[in-house]
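Below is one structure, written out as structure tokens; the observations come after it.
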Amino acid sequence: MILKNEFEIGEIVTFKTHPLLYDLEIRGDGKLVPPFMVVKGVFFEDEKKKIVDTSNGKIIAERIKYTCIFFDDNKSEFKEVIVYESMLRNYTRFFIARMDGEKPIYKIENSDKISLITEVSSYKDPKYVYGNIVYFKTKKLEILKKRSSTKKEIISGGKEESKKTIQHVVNYSTPEFVLCGYKKELVEDLFYPNGDRKKIIPKELFKVKWFNSYQMKFSEQYLPIMCFIDKQPFPTKVPHNVEPKPFRES
């Protein structure tokens, strides 16, 4: 049987328990929310893989699994995890909204704005330009996710009034990265002897450098190019990758 993977290399996914797959805001402790991740590799188990416990007939594994990568903002480093297909969900199912003042906007009326999901869908792989700034492609999703909480206040007459507060939850957000290297991987052992696909792995890697605030040093790592974008996710007064004009005395 030919196995077909649901998620592609470079796709943004999350663990199926993520609250924003089911509601507009996070409730409870934001630290319990799983990260948004990027698919780094796809692996297909052969037919010998035990996926059913023969003693009770219960499913205990799957034939397709993914290597996913996310950024641990506490230790300022990338981490990998291997997750089975049915445990993941695609980013297009997320409820993510921009904020307009203190209120989130889930339906954008202005024609010059697009939804965040549509914006993320338009991301393209970055070009390699040594010294340019690039961004982990989950950055905007992590920064714009929201948590709601309700607080009761005593108003005039001794009555209680509930007040709802919405705020950003920015755990797993990433710094900016500087391109400092490029290489192509020698891709081998992609198929089983019978011709079935064994794995899908990236061929091109970027080396990026960033300031590691946990270890108080600059870190470097090679990662697949499809983990990054070179389109600046948040505007700044001076764009990141525009050469500054030389200073001239008047």
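Computed from the coordinates by the stated procedures, all read-outs in this text should not be read as laboratory data. If you're wondering where the values come from, they're calculated on a predicted model, not measured in any experiment. Cβ: placed from backbone, ideal geometry, glycine included. Neighbour counts: every protein chain shown.
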The range 12-229: relative contact order in percent, alpha carbon pairs under 8 Å with at least 6 residues between: 22 percent
Note to self: C-alpha centroids of the range 196-219 and the range 73-96 sit apart, in Å, by 16 Å
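Count charges around Glu25 for me, please; just the other residues with Cβ under 9 Å from its Cβ, Lys/Arg as +1, Asp/Glu as -1. Let's see the in-between values first.
Details: positive: Arg27, Lys145, Lys146, Arg147; negative: Asp23.
Result for the local shell: +3.
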Return the long-range amide H neighbours of Gly181 (sequence gap of 5 or more, or a different chain), with a cut-off of under 5 Å between placed amide H atoms. Lys207
Residue by residue through the range 49-65, the couplings from Karplus 6.51 cos²θ - 1.76 cosθ + 1.60 with θ = phi - 60°, in Hz, x for Gly and Pro, are 4, 7, 10, 10, 6, 5, 6, 9, x, 8, 6, 10, 6, 9, 8, 10, 9
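How charged is the neighbourhood of Met37? Take every other residue with its Cβ under 15 Å from the Cβ of Met37, and add Lys/Arg as +1 and Asp/Glu as -1. Before the final figure, lay out each step's value.
Values: positive: Lys16, Lys40, Lys65, Lys79, Arg89, Arg93, Lys137, Lys139, Lys140, Lys145; negative: Glu6, Glu8, Glu11, Asp72, Asp73, Glu77, Glu80, Glu85, Glu142.
Overall, the nearby charge balance is +1.
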Residues of the range 65-97 with amide N under 19 Å of the 7 Å Cα→Cβ point at Ile143: 70-78, 95-97
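Mean residue ellipticity at 222 nm from the helices of the chain, using -39,500 (n - 2.57) per DSSP H segment of n ≥ 4 over the full residue count, to the nearest 500 deg cm²/dmol? Show your work: numbers first, answer last.
On the way: 2 runs with 12 residues, N = 250.
Calculated mean residue ellipticity at 222 nm is -1000 deg cm²/dmol.
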Of the options Val129, Ile26, Asn90, report the single residue whose Cα projects farthest towards the positive end of the charge dipole of the range 12-229 (beta-carbon charges: Lys, Arg +1; Asp, Glu -1). Ile26
Please state the charge dipole magnitude for the range 12-229, taken about the Cα centre, from unit charges on C-beta atoms (+1 on K and R, -1 on D and E), reported in debye and rounded to the nearest 20. 140 debye
